[in-house]
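Here's the structure, in structure tokens; my notes come after.
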Amino acid sequence: MATEMSVLHKISSNVKKEAAYAVLDRQATRIKEELRQGARKPYKEVIDVYWGNPHRTGMKPLSFVRQVLAACLYPELMKGDKLPADVRQKAQGLLGECSGGSVGCYTATAGTPEIVHRLSEFITRRDGGVPSHPENIFISPGSQWSLANIFKVLVNREAPTRTGVLAPVPCYSTSALSIEELGGAVVPYYLSEEQGWELQVEELHRALESAKGACNPVALYVINPGNPSGHVQSRKSMQEVIRFVSEKRLFLLADEVYQDCVHGEKSGFVSYKRVLAEMGPLLADTVELASFHSVSKGCMGECGLRGGYVELVNLDPAVMKHIYILCSTDSCAPVLGQIALDLMVNPPQPGDPSYPLYDVVRYAVEIILICRMFKRPIFLGK
């Protein structure tokens, strides 16, 4: 006998929308099974790059990262000298910062305080001295988890008009899913393919105008460097975006998880937070910004460890309180993911025992990524 929840029409329409976003994954699984059963096709294998899963494609993990993680999981490895001295020292320090001296313990909601503090120091270094404050940083089980939580704060289910979020096309599908899952509306803006997938502020104005009468846009979501476009925004483009969100009173969400994947000769990553700070107090002290980073991409590629963070800028303290409460419903991010974040922003330095191997492995990974970057248009053009 069927229960009420076993009847499809009883399931929330927001949940059923998830199926529409899993089409590529389901299709890949079906084709793989057909190939396994001997079906004749013009190809012999399916290369699954839909999820952006670097280690699945054969990318090797960084030895230093895995050695520290191994020592934290099994401290007996630190006895003797099988592991480099800096690995043992790092693992001992990290375990000393864990409650109970074990990675099996919960941490504070926002993350291990010492790791959060070091993330703040990294952001300050990255942004040329623009100050970062630990109390504005929340470590999470990946950047998408943080993004979904900020969407929860922004999307008002009880409002008479649906909440809208401007999002790029093309865009990673789970971002749009998170918005619609909450009952919000995705307001698409189209990146210019003719201009190398550039974000043009005129298109933002068009998208905002198109939303009139359909929803109430409250935020702009940007991905820089772009996914899947690969476009890297210039300072000028980012300044235009910041002026746009200030004029239209929109919350700015900057997905910056690919910041370590910029390899073009004339390209370089600069964060939205840094550009905002350089535009003077009228904007720097008023534009609300959430920026996201993760261990899942770049030379780390540690998707499975689930480590990311969000840094919040210019949010009202009352809002910050509710974000803290929202984050606390999941206790804390995985401790191994938190440790991976710490290792990402504080890698071995010249003179450290692990540095020579770390430098060689990281360089090799970068070369492979660059070679694949140049091969991609040739391959897709066939």
Say we look at the range 279-305 and pick out the residues that are within 26 Å of residue 154 (Cβ to Cβ) and among the charged types (D, E, K, R); which of these is nearest to the chain's Cα centre (by Cα)?
297
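Among 215, 171, which is the only one that is in contact with a strand residue (DSSP E or B) (Cβ under 9 Å, 6 or more places away or on another chain) and closer than 24 Å to residue 293 by Cα? Show your work before the answer.
Numbers: 215 fails: closer than 24 Å to residue 293 by Cα.
The match here is 171.
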Matching residues in the range 144-181 (of a type in the set (A, V, I, L, M), crowded, with 18+ Cβ neighbours inside 10 Å and not in a helix (DSSP H, G or I)) number 4
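Results for (1) free of Cβ contacts under 8 Å to residues at least 40 places away in the same chain; (2) of a type in the set (Gly, Ala, Ser), shown as yes or no for each residue.
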site	(1), (2)
66	yes, no
69	no, no
78	yes, no
115	no, no
138	no, no
142	no, yes
Output yes when any residue across the range 150-163 is touching a strand residue (DSSP E or B) at 6+ places or on another chain (Cβ under 9 Å), closer than 26 Å to residue 342 by Cα, assigned by TED's automatic domain parsing to the domain that holds residue 246 and of a type in the set (A, V, I, L, M), and no when none is.
yes
Please verify whether residue 296 is assigned to a loop (DSSP other than H, G, I, E, B) and not acidic (Asp, Glu), treating the condition exactly as stated.
yes
What number of residues within the range 320-365 satisfy the criterion of being touching a helix residue (DSSP H, G or I) at 6+ places or on another chain (Cβ under 9 Å) and under 22 Å from residue 289 (Cβ atoms)?
9
Checking residue 320 against (1) within 27 Å of residue 226 (Cβ to Cβ); (2) outside any loop (DSSP other than H, G, I, E, B): exactly one of these is not met. Which one?
(1)
Filter the range 107-143 down to the residues that are among the acidic types (Asp, Glu) and under 19 Å from residue 269 (Cβ atoms), then identify the one that is surrounded by the most Cβ atoms within 10 Å (Cβ to Cβ).
127
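Of the residues 177, 147, 220, 182, which is in the same structural domain as residue 284 (by TED's automatic domain parsing), modelled with pLDDT of 95 or more and aliphatic (A, V, I, L, M)?
On the way: 177 fails: modelled with pLDDT of 95 or more; 147 fails: modelled with pLDDT of 95 or more; 182 fails: modelled with pLDDT of 95 or more.
Within the list 177, 147, 220, 182, the selection yields 220.
Taking the residues in the range 334-366 that are among the hydrophobic types (A, V, I, L, M, F, W, C) and modelled with pLDDT under 95 as candidates, determine which candidate is surrounded by the fewest Cβ atoms within 10 Å (Cβ to Cβ). Step through it out loud before you land on a result.
Applying the first criterion (among the hydrophobic types (A, V, I, L, M, F, W, C)) to the range 334-366 yields 335-336, 339-341, 343-345, 357, 360-361, 364-365.
Subsequent filtering for residues that are modelled with pLDDT under 95 retains 357, 360-361, 364-365.
On the way: 357: 15, 360: 11, 361: 17, 364: 13, 365: 19.
If we take residues in the range 334-366 being among the hydrophobic types (A, V, I, L, M, F, W, C) and modelled with pLDDT under 95, then 360 is surrounded by the fewest Cβ atoms within 10 Å (Cβ to Cβ).
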Inspect the range 190-198 for any residue being closer than 18 Å to residue 249 by Cα and touching a Phe, Trp or Tyr at 6+ places or on another chain (Cβ under 9 Å) and give the result as yes or no.
no
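Taking the range 239-283, which residues are modelled with pLDDT under 95 and among the aliphatic types (A, V, I, L, M)?
Of the residues in the range 239-283, the ones modelled with pLDDT under 95 are 257-269.
Result: 257, 262.
So, residue 283, is that one surrounded by 23 or more Cβ atoms within 10 Å (Cβ to Cβ) and in a helix (DSSP H, G or I) or not? So that I can check it myself, show each step before the final result.
Numbers: surrounded by 23 or more Cβ atoms within 10 Å (Cβ to Cβ): no; in a helix (DSSP H, G or I): yes.
The answer is no for residue 283.
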Within the group 146, 140, 173, 120, which residue is more than 23 Å from residue 69 (Cα to Cα) and in contact with a helix residue (DSSP H, G or I) (Cβ under 8 Å, 6 or more places away or on another chain)?
173
So, in the range 95-132, exactly how many residues are closer than 24 Å to residue 76 by Cα and β-branched (Val, Ile, Thr)?
4
I'd like the full set of residues that are free of Cβ contacts under 8 Å to residues at least 12 places away in the same chain and closer than 20 Å to residue 124 by Cα, limited to the range 307-359.
349
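The values are calculated or read from the model by the stated rules, or taken from the named source; none is laboratory data. Note that the coordinates shown come from a computational prediction; the quantities given were computed from them, not determined experimentally. Backbone-built Cβ (ideal geometry, glycine too); neighbour counts: all protein chains shown.
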